[in-house]
Amino acid sequence: MTDISSAKKEKRQSIFLDERFMAAACAVVVLTSLISLFFCVKEKDSFAVFEVVTKLVTASAMFLAFKFFKWDVAKGLMGGVLFCLMYQEAHLVLNVLWGEQNFDAYLVVGVQGSLYLAAAGMAFLMTVIITINHFFINYASHGNPKNVILNRMAIIFKFAVYILLFASNSQLGFSPAILWRNAVQYLTDSVLLLLLVSVESQFDSFNVLRQELLKQKREGSKKR
């Protein structure tokens, strides 16, 4: 009877708690990263190659750490993946667009160029918020349910921003190579975010708190 109830419970679990989904997401990240590398090498963009390789290695290591090693190693690497995303987006927004004053190249395109600039800025800000929340959630002594909710809101908003980036990118008047490279990059980042949500769901602070309460209850009943 217990086996049947546990089997039903497993079926009701979120897709984010499914390790096969996580493996598929990691495989997509690897595939799209290799495609991005092809475009970056072709354009002789050494910084972009560094970004893609760092993100690819860190994301793969995070999944393998979760699968074969300790959960705290996976959580540490998850923070590393978020820093990779944040560094990549900061380079685009602060260095390329702001530092090189490259706004005109997008503004002359019209509405879609303005949308792309706005979405790039919002993506960076959301990644900063998610990264900060990640460390509060994962390394607080008793978990932090309020930050879990805030983090999920930020992640949902970031997915909306990615849709905006995809749509506006496809309308920009740049060369096909640049458009394809951007599209593959945002696809990689979207799937990477799904992988992060999937891994983080395994260490959900609500679950941690529940397990701690159950443990205390069991210890209390044993003392009686």
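Extending each Cα 7 Å along its Cβ direction at L64 and I156, get the distance between those two points in nm, one decimal.
Going from the L64 label point to the I156 one covers 3.6 nm.
Taking the simple approach of a point 7 Å from Cα along Cα-to-Cβ for both I178 and K42, what is their distance in nm?
Result for the modelled spin labels: 1.5 nm.
What length, rounded to one decimal in nm, is gained on full extension from T54 through to K146, with 0.36 nm per residue of separation minus their alpha-carbon distance?
30.0 nm
Every read-out reported here was derived from the displayed coordinates using simple, explicitly stated rules and does not represent laboratory data. Small disclaimer: the values here were computed from a predicted structure and weren't measured. As a convention, Cβ positions derive from the backbone with ideal geometry for all residues, glycine included, and neighbour counts pool all protein chains shown.
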